[in-house]
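Right, one structure below, let's go through it.
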Amino acid sequence: WYWQKEKREPYVKFMEANYPPGFSYEDFGPLFTAEFFDPNQWADILKASGAKYVVLTSKHHEGFTLWGSKYSWNWNAVDVGPKRDLVAELATSVRSRTDLHFGLYHSLFEWFNPLFLEDATNVFKTKKFPTSKSLPELYEIVTKYQPEIIWSDGNGNAPDTYWNSTGFLAWLYNDSPVRDTVVTNDRWGVGSTCTHGGFYTCSDRYNPGHLLPHKWENCMTIDKRSWGYRRNAQLDDYLATEDLVKQLVETVSCGGNLLMNIGPTHDGRIAVIFEERLRQMGAWLQVNGEAIYGTKPWRAQNDTVTPEVWYTFSPKEGKVNAIFLNWPVSGTLELGEPQAKLGETQVKLIGYKELLKWVALGEKGMAIALPQLTPKQLPCQWGWTLQLTDIN
């Protein structure tokens with residue numbers, strides 16, 4: 001897009017300097033080799049990350065499908081490049097080795113598809129592209145791979161009536177093989193985003209910082225600047241684990257899910273830095289998962305007295321979780337929101353055995369004495385959870 005459509009200078013110059021004259025985007029197809037792609041290893045990394053679902057980009061805006069689509073002749077991973085059905089391989093590994101829900105991202109439009117460009121010229125009065133390409137692909141991936149999430153994207157500035165989104169969704173929810181389990185997002189045509197859908201994504205890297213009345217998802221990238229893999233990325237282009245934990249905690253406390261994107265390499269690897277970030281998230285969730293999984297938003301999302309404290313509520317146990325991202329120098333954490341009850345309220349630091357001492361601060365709020373721990377004794381890094389029971 002930057003090279004061929006917007007003709008941005010750095011991209012044009014890079015291609016001129018590093019590829020033969022007349023090299024086209026299609027010539028990248030055979031260079032996408034995936035020779036190191038090991039779906040079992042991917043599944044093990046995904047499981048270790050603590051994630052509950054995974055969404056694979058089955059087709060992006062350039063139209064190349066990672067499965068041998070009947071509707072993408074000679075522009076798919078079975079005919080060109082890897083010569084493998086990458087969707088099938090990952091689906092099989094994820095389902096046999098993990099309990100993650102398997103989802104597929106699919107781009108409705110394609111930047112340079114002549115049928116789409118023709119429809120766009122006709123102000124979408126004609127529907128050649130959705131009827132011959134986009135919709136058949138959607139029916140194909142649902143029937144073939146039975147994904148439990150359909151993550152639609154790329155409306156191409158066309159309305160949902162052009163895409164026949166409601167027709168497809170009616171089939172998906174009523175008659176498809178995944179009708180009882182499937183969930184979908186909100187990107188089904190102009191005007192549907194943040195308005196219609198099982199969960200809202202609103203915009204990329206969406207993190208409102210306040211409670212939304214509808215389930216939503218913060219879809220963001222570990223590489224701050226890209227959704228794909230960048231060979232020239234610098235270390236500080238990647239979010240640190242502290243940043244990722246902060247994103248997770250803010251998102252969940254406001255009723256959202258976190259969808260963290262990584263870009264694999266052309267030879268099929270998850271780069272080591274992405275693997276490390278995913279495993280670190282998993283290590284954090286192994287300790288603090290009870291403050292994240294199966295929780296609901298509490299009456300307050302973040303604290304009024306101490307910044308960087310976010311709340312979740314565990315309905316089964318009736319516990320309020322206060323997740324704090326900075327360990328106070330004083331050793332005392334002041335919370336402005338909880339109303340504690342003398343002789344009843346108990347405070348526990350997840351991953352630490354003994355109950356913590358606390359005092360009430362007026363009608364609302366409490367000061368909690370944190371244990372004096374050496375770095376080795378800390379239950380985890382990057383953020384800690386206090387569990388409060390019997391709170392008004």
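The values are calculated or read from the model by the stated rules, or taken from the named source; none is laboratory data. Since the structure is predicted, the reported quantities are computational estimates derived from the model, not experimental observations. Ideal geometry is used to build each Cβ from the backbone, glycine not excepted, and the neighbour counts take in all protein chains shown. What goes into the accessible areas is simple: the full protein's heavy atoms, side chains included, and nothing from ligands, DNA or RNA. Shrake-Rupley method; radii C 1.70, N 1.55, O 1.52, S 1.80 Å.
List of remarks:
- Residue match in region 213-223 (condition: open to solvent by less than 20 Å² (accessible area, probe 1.4 Å), part of a loop (DSSP other than H, G, I, E, B) and either within 25 Å of Leu31 (Cβ to Cβ) or in contact with a His (Cβ under 6 Å, 6 or more places away or on another chain) (or both)): yes
- Taken as a whole, region 199-210 holds no residue that is in contact (Cβ under 8 Å) with a residue 60 or more places away in the chain and buried (at least 20 other Cβ atoms within 10 Å of the Cβ).
- From Phe109, Phe129, Phe124, Phe116, residue being under 26 Å from Leu56 (Cα atoms), at pLDDT 95 or above, in contact with a helix residue (DSSP H, G or I) (Cβ under 6 Å, 6 or more places away or on another chain) and not in a helix (DSSP H, G or I): Phe109
- Every listed requirement among (1) in the same structural domain as Arg277 (by the TED database); (2) in contact (Cβ under 8 Å) with a residue 24 or more places away in the chain; (3) assigned to a loop (DSSP other than H, G, I, E, B) is met by Gln4 save one, (1).
- Whichever residue in region 154-168 is among the polar types (S, T, N, Q) and closer than 23 Å to Trp111 by Cβ and, among such residues, is most open to solvent (accessible area, probe 1.4 Å): Asn157
- Residue in region 174-183 that is among the hydroxyl-bearing types (Ser, Thr, Tyr), within 18 Å of Val54 (Cα to Cα) and modelled with pLDDT of 95 or more present: yes
- Which numbered condition Trp171 misses (of (1) in a helix (DSSP H, G or I); (2) open to solvent by 60 Å² or more (accessible area, probe 1.4 Å)): (2)
- Taken residue by residue, region 310-321 has no member that is part of a strand (DSSP E or B), open to solvent by 60 Å² or more (accessible area, probe 1.4 Å), under 27 Å from Thr374 (Cα atoms) and not assigned by the TED database to the domain that holds Arg205.
- Region 82-127, residues that are open to solvent by less than 40 Å² (accessible area, probe 1.4 Å) and β-branched (Val, Ile, Thr): Val87, Val94, Thr98
- Within region 138-159, the presence of at least one residue that is outside any loop (DSSP other than H, G, I, E, B) and either of a type in the set (S, T, N, Q) or not assigned by the TED database to the domain that holds Glu118 (or both) is confirmed.
- Restricting attention to region 174-197, the residues that are out of contact with any strand residue (DSSP E or B) (no Cβ under 9 Å at 6 or more places or on another chain) and open to solvent by less than 30 Å² (accessible area, probe 1.4 Å) total 1.
- If you go through region 272-293 and keep only what is open to solvent by less than 70 Å² (accessible area, probe 1.4 Å) and farther than 30 Å from Phe36 by Cβ, you end up with Val287, Asn288, Gly289, Ala291, Ile292.
- Thr306, sole failed condition from (1) in a helix (DSSP H, G or I); (2) assigned by the TED database to the domain that holds Gly336: (1)
Here is a yes/no grid of residues against (1) farther than 26 Å from Leu135 by Cβ; (2) at pLDDT 95 or above; (3) surrounded by fewer than 15 Cβ atoms within 10 Å (Cβ to Cβ); (4) within 26 Å of the chain's Cα centre (by Cα):
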| position | (1), (2), (3), (4) |
| --- | --- |
| Glu26 | no, yes, yes, no |
| Ala34 | yes, yes, no, yes |
| Lys47 | yes, yes, no, yes |
| Lys59 | no, yes, no, yes |
